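J.: Structure provided below as structure tokens; questions to follow.
The values are calculated or read from the model by the stated rules, or taken from the named source; none is laboratory data. Bear in mind the structure is a predicted one, so any value in this text is a computation, not a measurement. Cβ placement follows ideal geometry from the backbone for every residue including glycine, while neighbour counts extend to all protein chains displayed.
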Amino acid sequence: MTCELNMVLAQARTPAPQFVADLLVLALCASFIGKLSYVNLDFAMRKSREYVRLRNRMVDEQLVKRGINDRRVLDAMRMMPRHQFVSEEFKPQAYEDRPLPIGEGQTISQPYIVAFMTERLRLKPHHTMLEIGTGSGYQTALLCHLTHFVFSVERVSLLADQAGERIGDLGYNNLEIYVGDGSQGLPDQATFDRIMVTAAVPRLPNVLCTQLDKHGGQMILPVGDEHLQDLKLVTRRDERFTSRTLLRCRFVPLVGRFGFNSDINSRPSIF
Ligand code: SAH
């Protein structure tokens, strides 16, 4: 009997060390995973601090020093995470003084030209905008931040989808992105307080001019050939349109009915 009892006890005791060992393994794993996620979090935080530093440097050196002084535009560009609008391989260059590829032969414009075009439109929080050429969505997100509502049109559906997702992730919901030929504008939603075209057109499209608000509506767009354009600011007062040339620039072509033919070779843009 005693012997049997001992056996039973022994059997009952056998799992105990195993249990403790299991617990130990579990605790070790948990602490390792904990450490790993701490290391990951620490790395992510340091990385995001580094992006903040690069962004501030971009604003100070590329924008303020070149004369951009609209406080709202500068503040918006200080907080907008431009690196989230480019693919992993281009993130390290996201705050450099140049355009970057965004896929489909298109580019995200140089920060300075984004700031310049945005500043020149003198955007107000109550404005409704039309943007043509959503691309990465970086400019669109800035417009969402600075205005009441943004309609944006993109010809390439993949880019439109990616842009919509990125902008949504940042918490903006004051926009609608359309896939199609933006060279015709959006007659059903017109008129707009402001229009921004971020691809080159061969000549000023009348159809876009007439979608501007009659009481001082303004549009900024690059007009020229596929190599070089003039950045123009058009203002509408009733049926009178005035146009001013602001600077020389180089954008990718707007491909569509009032843009260039679709067989045109897309080249990387300077801005
Ligand atoms: N502002 C964008 C860059 C735009 S690049 C950014 O911040 O990333 C120009 C964009 O215009 C490209 O994405 C291109 O696909 C788009 N595009 C070209 N022709 C178009 C058209 N007819 N209608 C709408 N978008 C067009």
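J.: Regarding Arg248, is this residue of a type in the set (Lys, Arg) and modelled with pLDDT under 95?
T.: Answer is no for this residue.
J.: Those residues that are in a loop (DSSP other than H, G, I, E, B) and free of Cβ contacts under 8 Å to residues at least 24 places away in the same chain, I need them from the stretch 204-215; list them, please.
T.: Across the stretch 204-215, the qualifying residues are Thr210, Asp213.
J.: Additional query: Pick out, from the stretch 1-96, the helices (runs of 4 or more DSSP H) lying fully within it that include 1 or more residues that are on the phi < 0 side of the Ramachandran plot and at pLDDT 70 or above.
T.: Those helices (runs of 4 or more DSSP H) span 15-57, 71-79.
J.: Something else: Can you tell which of Gly164, Gly171, Gly135 is at positive phi, surrounded by fewer than 21 Cβ atoms within 10 Å (Cβ to Cβ) and either small (Gly, Ala, Ser) or in a helix (DSSP H, G or I) (or both)?
T.: That would be Gly171, the only listed residue that is at positive phi, surrounded by fewer than 21 Cβ atoms within 10 Å (Cβ to Cβ) and either small (Gly, Ala, Ser) or in a helix (DSSP H, G or I) (or both).
J.: Assuming Gly105 fulfils every condition listed in (1) at pLDDT below 95; (2) in contact with a Phe, Trp or Tyr (Cβ under 8 Å, 6 or more places away or on another chain); (3) of a type outside the set (Val, Ile, Thr) apart from one, which condition is it?
T.: So Gly105 meets the others, but not (2).
J.: If you don't mind, there's one more thing I want to ask. Just wondering, is there one or more residues in the stretch 192-202 that are within 27 Å of Asp225 (Cβ to Cβ), of a type in the set (A, V, I, L, M), in contact with a Leu (Cβ under 6 Å, 6 or more places away or on another chain) and away from the ligand (no atom under 12 Å from the Cβ)?
T.: Yes, the stretch 192-202 contains a residue that is within 27 Å of Asp225 (Cβ to Cβ), of a type in the set (A, V, I, L, M), in contact with a Leu (Cβ under 6 Å, 6 or more places away or on another chain) and away from the ligand (no atom under 12 Å from the Cβ).
J.: Condition test on Gly180, is it in contact with a helix residue (DSSP H, G or I) (Cβ under 6 Å, 6 or more places away or on another chain) and within 16 Å of the ligand (Cβ to nearest atom)?
T.: no
J.: Here's something else I'd like to know. From Gln218, Gln189, grab the single residue that is assigned to a loop (DSSP other than H, G, I, E, B), more than 10 Å from the ligand (Cβ to nearest atom) and farther than 27 Å from Gly103 by Cα.
T.: Sole residue among the options that is assigned to a loop (DSSP other than H, G, I, E, B), more than 10 Å from the ligand (Cβ to nearest atom) and farther than 27 Å from Gly103 by Cα: Gln189.
J.: Restricting the search to the stretch 102-114, which residues are within 13 Å of the chain's Cα centre (by Cα) and more than 9 Å from the ligand (Cβ to nearest atom)?
T.: Within the stretch 102-114, Gln110, Pro111 qualify.
J.: Next up: Considering only residues that are in contact with a Lys or Arg (Cβ under 7 Å, 6 or more places away or on another chain) and more than 6 Å from the ligand (Cβ to nearest atom), look in the stretch 127-140 and name the one that is nearest to Gln189 (Cα to Cα).
T.: Applying the filter and picking the extreme gives Met129.
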